[in-house]
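Accompanying notes for the structure given below.
The values are calculated or read from the model by the stated rules, or taken from the named source; none is laboratory data. Predicted model, so just to flag it, every value in this text is computed and none were measured. All Cβ positions, glycine included, derive from the backbone under ideal geometry; neighbour counts span all protein chains shown.
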């Protein structure tokens, strides 16, 4: 049989060439301005990039993100399971929670938690409805900016995670649950062994996005002086007036964090795609 | 082995089972046929209580399904008691419902491991034997998505058998299969019937009903219209509705 190799000539695409040239020019101009503009103070950026205070703020940002995400996911799973329960009281409580915390701005919530002492000056463990207290603390000493930040971010994150987890659980074919029931598995076993592992495929990608988003959202904590990256940068530029340089320092670290998180997200997604036809 | 007495079931205003009674002796193979929407799948799902019944009684292996009799009142069983009853009732679904995140072997091991708390080694050995029995020993480490429909259904049968059920329920086990894959599943079911398993099979496979079934039940509009030995009912249906239905499917 004779071979008939395909060696075709590609059509010219003038539109694409013009657009490409334009985008290239913009990039070159951008690189040029950034390097020659003396107002950017790159030497200051380099000086502060690994400054002890900046690295400390970076640590707080990472700690806040990890803590709020882990607790937020746990809270979200709990709220999602409650929303899918047969009990109207549990459903109602979980619904009220997500409605309230998704419906009010995080900034407002953070300021509220920081000022919780105005509502409950004393916080303690005891018998509710006016009974005696066993242990108690002054709200102002207990609720530090870090505690208020972790509390606010966690509770807000839990409300969003509840919706993500719920969507994940509902994406699992009801037949899966029936097949597991027919084997004699209990509700808890079905959730843990059959439903959640499959829901993960739907839950992981948006959770990764939430994590990346949380890394940046922690900067909101600067309104209550949370000692995280942006707060630290602000404190430094209030002293030396290097506003832009320190914003660049903070941004560079945020970019590092989000890039690392995105890579991690990629591998997690691959791990939970098990059993899918590739 | 299975005793169904005057079972009624309604969804809202629609009554799908209007007083159905059926006895399946130990080792008996009962095939249930009927037009879609006749209530035959619902009847099957009532036996392992995937559906609740509105009136009537169902016993499997002498135990009342779903309730406890206490004096002259019935009490609903607790969830853990229901789980225990279901362990002895295997079910095979039209659309297999294998767990997609587990291999064939892991699917078969899941019941013994999670419900019966069997050791990994014991569960794996038993699962291997069962996969061999349904002719899939070489597919043990494949995920469901890598198996054909017929293979998936055979794994699903092995998964049910792993719980050592007293009775097996088949809900249209070959209806979702390509025609050339039907026979491999029916062959496994024939072997199972020959081994003495008590089976209730909702099916459109009249050939299987004729050869492997001891008893044929024709359900239409929520009632048993006609029943008897399969060959007799299939060749000489007495009732007009049975004749009309068989005329369409044969």
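Taking the conditions (1) modelled with pLDDT under 95; (2) touching a helix residue (DSSP H, G or I) at 6+ places or on another chain (Cβ under 7 Å); (3) within 30 Å of residue B:234 (Cβ to Cβ) in turn, residue B:63 satisfies each one other than (3). Does residue B:150 satisfy being surrounded by fewer than 18 Cβ atoms within 10 Å (Cβ to Cβ) and over 15 Å from the mean Cα position of the chain (by Cα)? Taking the combined requirement at face value, the residue does not satisfy it. Scanning the range A:31-72 for residues that are at pLDDT below 95 and farther than 22 Å from residue A:234 by Cβ yields A:31, A:32, A:33, A:34, A:35, A:36, A:37, A:38. Annotation note: of B:187, B:156, B:193, B:209, the sole residue that is within 14 Å of another protein chain (Cβ to nearest Cβ) and not in a loop (DSSP other than H, G, I, E, B) is B:156.
Put simply, of A:251, A:259, A:222 the only residue that is free of Cβ contacts under 8 Å to residues at least 40 places away in the same chain, more than 14 Å from chain B (Cβ to nearest Cβ) and buried (at least 17 other Cβ atoms within 10 Å of the Cβ) is A:222.
Residue count for the range B:183-204 under the criterion of being touching a strand residue (DSSP E or B) at 6+ places or on another chain (Cβ under 8 Å) and without any contact (Cβ under 8 Å) to a residue 60 or more places away in the chain: the result is 2.
Pick from A:120, A:134, A:100, A:129: which is on the phi > 0 side of the Ramachandran plot and surrounded by fewer than 15 Cβ atoms within 10 Å (Cβ to Cβ)? Of the residues listed, the single one that is on the phi > 0 side of the Ramachandran plot and surrounded by fewer than 15 Cβ atoms within 10 Å (Cβ to Cβ) is A:129. The criterion of at least 2 residues that are within 13 Å of chain A (Cβ to nearest Cβ) and closer than 20 Å to residue B:9 by Cα is met, among helices (runs of 4 or more DSSP H) falling completely within the range B:21-117, by B:40-47, B:79-87. Take the residues in the range B:136-147 that are surrounded by 18 or more Cβ atoms within 10 Å (Cβ to Cβ) and part of a helix (DSSP H, G or I), then tell me which one is farthest from the chain's Cα centre (by Cα). Of everything passing the filter in the range B:136-147, B:139 is farthest from the chain's Cα centre (by Cα). Just one of the listed residues (A:202, A:194) is within 14 Å of chain B (Cβ to nearest Cβ), crowded, with 19+ Cβ neighbours inside 10 Å and closer than 26 Å to residue A:78 by Cα, and it is A:194. Under the condition of being in a helix (DSSP H, G or I), more than 7 Å from chain B (Cβ to nearest Cβ) and surrounded by fewer than 21 Cβ atoms within 10 Å (Cβ to Cβ), the residues counted in the range A:170-189 number 4.
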